[in-house]
Structures are given as structure tokens and as C-alpha cells.
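This report concerns only the one structure given below.
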Amino acid sequence: MSTKVGIIGAGGMLRYHAAGFRQAGATVTAVADPAPGAAAKAAAAWDVPASFESVDEMLANADIDAVSIIVPNKFHMPLAIQCLKAGKHVFSEKPPALNAAEVEEMIAAANAAGKKLMFNFNNRARPESIAMKEYIADGTVGKINSAQAKWIRRTGIPGFGGWFTTKALSGGGPVIDLLHMIDLALYFMGYPDPAHVLAQTFNDHITDKGFKGPWGIPDRADGTNDVEAAAHGFVTFKTGQVLTLQVSWAEMIKREEVSVVFQGSKAGGKVERLFGRDGIDETAIDTCELYVQEGGRSVNRSIVTEACEDMGRSASAANFIHAIEGTAEAFNTPDQSLKLMKIIDAIYKSAATQAPVAV
């Protein structure tokens with residue numbers, strides 16, 4: 001029998017989750033959203049047989065084995081715990097939660113329920129990332145000593161006054177929203193234990209509508225804009241490895257760049273997406289390269305992979321199903337998510353205190 005999945009949240013990411021689940025042979029049986037009519041509209045659009053206007057109602061009445069969560073960040077933790085306690089596997093959008101303490105509660109609930117808890121770190125599922133990870137795993141790269149993680153935008157604020165720019169609902173700005181490349185760098189590095197973080201955040205442009213991106217949610221004139229617009233930082237690890245990071249929704253750079261560059265003991269590498277226009281995937285160019293020394297010469301290898309416009313979103317959802325069914329190794333683990341959130345907590349603490357933070 002195929003795994004049956006219920007989806008919480010009728011927003012734009014639903015189509016990627018549904019496509020990935022179906023790609024893996026699962027059945028999407030229900031969608032729930034508290035906004036009047038939203039679940040019914042999404043169910044009709046994406047051929048889902050049942051819709052509900054509350055999570056309680058879906059859990060009580062829908063035939064489901066697993067749940068995916070696509071809602072504002074504040075609700076990731078309570079909904080995940082509710083679904084785990086109801087005996088469902090959980091696949092949640094990023095970030096895992098608002099902070100590391102919430103992730104610890106989620107892990108405890110997953111362990112108590114004996115169910116899978118995974119998060120949509122979809123950039124791990126990109127063909128470029130999978131190819132690069134294979135070179136790392138087979139020893140070609142050696143130990144990654146240092147890495148640089150970037151997700152930077154020039155005009156990419158996802159609406160003004162909505163939940164994205166309200167810290168109580170989002171947990172923060174681009175540091176927490178665009179955490180994908182920090183995660184991917186850590187994934188390539190073997191997810192080492194962090195030691196110290198030094199970081200600074202900047203709020204220039206966070207209320208300037210000239211820096212609004214082509215995606216996100218409608219503006220709210222009476223809303224809040226109390227998150228950062230950009231952040232830069234440096235992380236050291238107990239292994240001696242180091243990571244630099246730059247993330248931004250609005251920063252004076254040439255164009256949107258999504259990348260991880262690393263320097264290993266045997267080879268270096270880069271996974272990159274450069275945008276012609278901020279936020280428009282069709283304008284992007286993907287690059288995957290390996291840097292080696294051969295015969296006394298510097299050689300740069302281009303790694304050719306299939307195109308993946310959705311940046312691994314559907315493949316990540318498919319992996320959740322395969323992991324549940326035991327046919328593939330999970331792309332991410334709760335323990336990795338906890339390390340990531342501890343680093344993010346430390347970024348914000350370092351920026352607030354103007355000092356390095358021990359993790």
C-alpha cells in the first residue's frame with residue numbers, strides 16, 4: 001500500500017510537496033488550512049480528495065500516515081508535535097522551528113512516537129548537490145577545511161508587514177529564511193559540532209519598498225518590520241573547520257547568488273545558482289565545479305547534471321516518502337537540524353551582544 005499524506009497549508013509550496021509525494025508513489029489524501037475556503041480551493045487545484053479547515057478535523061477524519069507542514073514558522077513546532085503525538089510521520093518546511101529549544105521538543109516528540117521527523121532542506125536534493133556529495137564521500141575532496149555559504153538578494157524582501165517580517169512569527173529575516181546554503185555547507189562539511197559564532201545583522205532597506213522581491217505575501221500597512229535585511233558571520237567548529245556566511249533579502253550586491261564554495265585538503269568545489277533577475281528561477285544559471293591539481297597543473301572540472309528548476313523541492317519531498325518506507329536514506333536528520341538552529345541562535349545572539357558566542 002502507498003503511504004497516504006495529509007498537507008497542512010494551502011500555499012504555493014503545496015504543489016512541490018504534492019508532486020514529490022506522488023513521484024515517490026504516495027497518495028495525497030487531504031489538505032487542511034484554517035483560512036475559509038483555502039483548503040477546498042487547493043484540493044480542487046491539485047486533485048486532492050478531501051479538504052478541512054482545521055488540523056484537528058483532518059487528523060480525526062482523514063486516512064493518513066504522514067503529514068507535511070507548510071505554514072508560517074511560528075507554527076512548525078506545535079503542529080509537528082501535534083501530528084507526531086497523533087502517530088504521523090512529519091515533513092516540515094524550513095526552518096525547523098523558531099529556535100533550537102523548539103527543535104529539541106520536536107525531537108523528543110518524534111522519539112516518543114517512533115516516527116520520522118524531516119525538514120525540507122531541498123537544496124540537498126538538487127542534482128548538483130547530490131553529485132558533489134558523491135565526490136566528497138569517495139574521498140576526492142579530502143577534508144573540507146573551509147567553506148563560504150551565500151544566499152544573497154539585492155531586491156528580495158518577501159512583503160512588508162506580513163509574517164515574514166514579523167520576528168514573533170518568523171523568528172528572523174534572511175538568516176532563518178535563507179538558511180539553505182548554511183545547511184548545504186554544513187552537509188558537505190560532515191555537519192561538524194560548532195564551537196563559536198561571530199556575526200552581525202543589518203536592517204538597512206527593511207522598510208524600503210524599492211527592495212521588495214517578486215515573491216512572498218501581500219503588504220500589510222499596519223504590520224511589523226522588525227527583522228534583519230542582511231547578515232554576515234563566521235563559524236568555527238570543534239574539528240578546526242570554519243565557515244563564513246552571507247545572507248540577505250536586501251543588500252547592495254550585483255544580483256542574487258545562491259552558492260556554497262569550499263576548500264578541501266585534496267580539492268575545492270562550488271555549487272552555485274546565479275540569477276539574471278532576483279527570484280525568477282527561469283533567469284538562473286546553475287554551475288557545479290571541482291578544483292583539483294593534476295600532473296602539476298591546476299584543473300577545473302565542470303560537473304554536468306540534469307536541469308532542476310525547482311531546486312530539489314519535489315525530490316526532497318519524494319525522499320521523505322522513501323525514507324519512511326525504508327527504500328532510501330533520509331536526506332536530513334533531526335540532530336543536524338538541531339545543530340543548524342543552534343548556529344542560527346548564536347548568529348542572532350552575537351549580533352545583539354556585539355561579541356563572539358560559544359555554541
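Coupling constants for region 195-204 follow from the phi torsions by the Karplus curve (6.51 cos²θ - 1.76 cosθ + 1.60, θ = phi - 60°), and in residue order they are 10, 9, 10, 10, 8, 9, 10, 9, 10, 4 Hz; glycine and proline get x. Note on A108 and T327: the extension gain reaches 76.4 nm, defined as 0.36 nm multiplied by sequence separation minus the Cα-Cα distance. Classify region 200-359 from the C-alpha gyration tensor, please: rounded if a/c falls under 1.5, else prolate or oblate depending on whether a/b exceeds b/c. Taking the square roots of the gyration eigenvalues as a ≥ b ≥ c, region 200-359 is rounded.
Can you name the helices of the chain, as whole DSSP H runs, whose Cα span along the helix axis is 18 Å or more and whose Kyte-Doolittle mean is not below -0.5? Write down the numbers at each step before the final one.
Numbers: long enough: 100-113 (20 Å, 0.66); 313-325 (19 Å, 0.21); 334-353 (28 Å, 0.05).
Sorted by number, the helices that extend far enough and score high enough are 100-113, 313-325, 334-353.
Taking the convex hull of the alpha carbon positions in region 144-259 and averaging its projected area over all directions gives 7.2 nm².
Surface analysis of region 273-359 yields an accessible area of 50 Å² per residue, using protein heavy atoms and a 1.4 Å probe.
Where does each of W163, W46, W151, W215 land when they are ordered by accessible area, with a 1.4 Å probe and the largest first? Write down the numbers at each step before the final one.
Values: W163 55, W46 100, W151 15, W215 75 Å².
Result, largest first: W46, W215, W163, W151.
In the chain, a dipole from Cβ-located charges (positive for Lys and Arg, negative for Asp and Glu) runs towards its positive end, and of P72, I347, A168 it is I347 whose Cα lies farthest in that direction. Put simply, the amide H of F119, placed in the peptide plane, has neighbours under 5 Å in S92, leaving out anything fewer than 5 places away on its chain.
Does region 1-94 classify as rounded, prolate or oblate by the C-alpha gyration tensor (a ≥ b ≥ c root eigenvalues; a/c under 1.5 gives rounded; else a/b over b/c gives prolate, otherwise oblate)? The shape class here is rounded.
Taking the Cα centre of region 262-341 as reference, the dipole from Cβ charges on Lys and Arg (+1) and Asp and Glu (-1) amounts to some 440 debye.
Starting from the coordinates of the alpha-carbon atoms of region 159-218, obtain the Kirkwood hydrodynamic radius over all distinct pairs and give the value in Å to one decimal. It would help to have the intermediate numbers written out before the result.
Working: mean 1/r = 0.0728 Å⁻¹.
Averaging 1/r across every pair of different Cα atoms and inverting gives 13.7 Å.
Remark: region 158-175, residue by residue, has Karplus-estimated 3J(HN,Hα) of x, x, 10, x, x, 5, 4, 9, 10, 4, 4, 9, 9, x, x, x, x, 4 Hz, where x stands for each Gly or Pro and the curve is 6.51 cos²θ - 1.76 cosθ + 1.60 at θ = phi - 60°.
Listed by chain and number, the aspartates and glutamates whose alpha-carbon sits under 12 Å from that of K94, ignoring those within fewer than 8 places in the same chain, are D177, D183.
Ignoring the sites themselves, the chain has its longest run without trypsin sites (Lys or Arg not before Pro) in a DSSP loop having at most 11 other Cβ atoms within 10 Å at 1-237.
Across region 177-243, Cα pairs under 8 Å and at least six residues apart give a relative contact order of 46 percent. Placing unit charges on the Cβ atoms of the charged side chains and taking the dipole of the chain about its Cα centre, the candidate lying farthest along the positive direction among N99, S51, A358 is A358.
Probing with 1.4 Å while keeping every protein chain in the model, the per residue accessible area of region 81-181 equals 29 Å².
Once the piece of chain linking R301 and D204 is laid out straight, how much longer is it, given 0.36 nm per residue of separation minus the C-alpha distance between them?
Details: separation 97, 0.36 × 97 = 34.92 nm, distance 3.88 nm.
Full-extension gain reported as 31.0 nm.
May I ask which of K85/K349; K238/K266; K270/K339; K116/K349 have a Cα-Cα span longer than 25 Å here? Provide the component values of the computation, followed by the final result.
Numbers: K85/K349 32 Å; K238/K266 21 Å; K270/K339 23 Å; K116/K349 31 Å.
Beyond 25 Å: K85/K349; K116/K349.
Mind ranking E306, E105 by accessible surface for me, highest first, 1.4 Å probe? Please report the intermediate quantities before stating the final value.
Details: E306 125, E105 95 Å².
Most to least solvent-accessible, the answer reads E306, E105.
Surface listing: T165, T239, T327, T283 arranged by accessible area from highest to lowest gives T327, T239, T283, T165, probe 1.4 Å. Given that just one value was derived from the coordinates, which of [x] 24.8, 79; [y] 43.3, 153; [z] 20.1, 67 is Rg and Dmax of the Cα atoms in Å? The value matching this structure is [z]. Coupling constants for region 208-221 follow from the phi torsions by the Karplus curve (6.51 cos²θ - 1.76 cosθ + 1.60, θ = phi - 60°), and in residue order they are 9, 5, x, 9, 6, x, x, 9, x, 10, x, 5, 10, 4 Hz; glycine and proline get x.
About the Cα centre of the chain, how large is the charge dipole given +1 on each Lys and Arg Cβ and -1 on each Asp and Glu Cβ? Please answer in debye to the nearest 20.
Values: 34 positive and 40 negative charges, 120 e Å.
For this selection, approximately 580 debye.
Split the accessible area of region 193-294 by element, probe 1.4 Å, and carbon with sulfur accounts for 51%. In plain terms, the chain from I253 to T353 could stretch by 33.3 nm, reckoned as 0.36 nm per residue minus the Cα-Cα distance. The charge dipole of region 148-208, taken about its Cα centre with unit charges on the Cβ of Lys, Arg, Asp and Glu (plus for the first two, minus for the last two), comes to roughly 120 debye.
Indicate the gyration tensor shape class of region 263-328 (rounded, prolate or oblate), computed on the Cα atoms with a ≥ b ≥ c the square roots of the eigenvalues: a/c under 1.5 is rounded; otherwise a/b larger than b/c is prolate and the rest oblate. Here region 263-328 falls in the oblate category.
The values are calculated or read from the model by the stated rules, or taken from the named source; none is laboratory data. These numbers were taken from a predicted model, which means no experiment stands behind them. Neighbour counts are summed over all protein chains in view; Cβ atoms, including those assigned to glycine, are modelled from backbone coordinates with ideal geometry. Quick note on the areas: whole protein, heavy atoms, side chains included, nothing else; ligands and nucleic acids left out. Shrake-Rupley method; radii C 1.70, N 1.55, O 1.52, S 1.80 Å.
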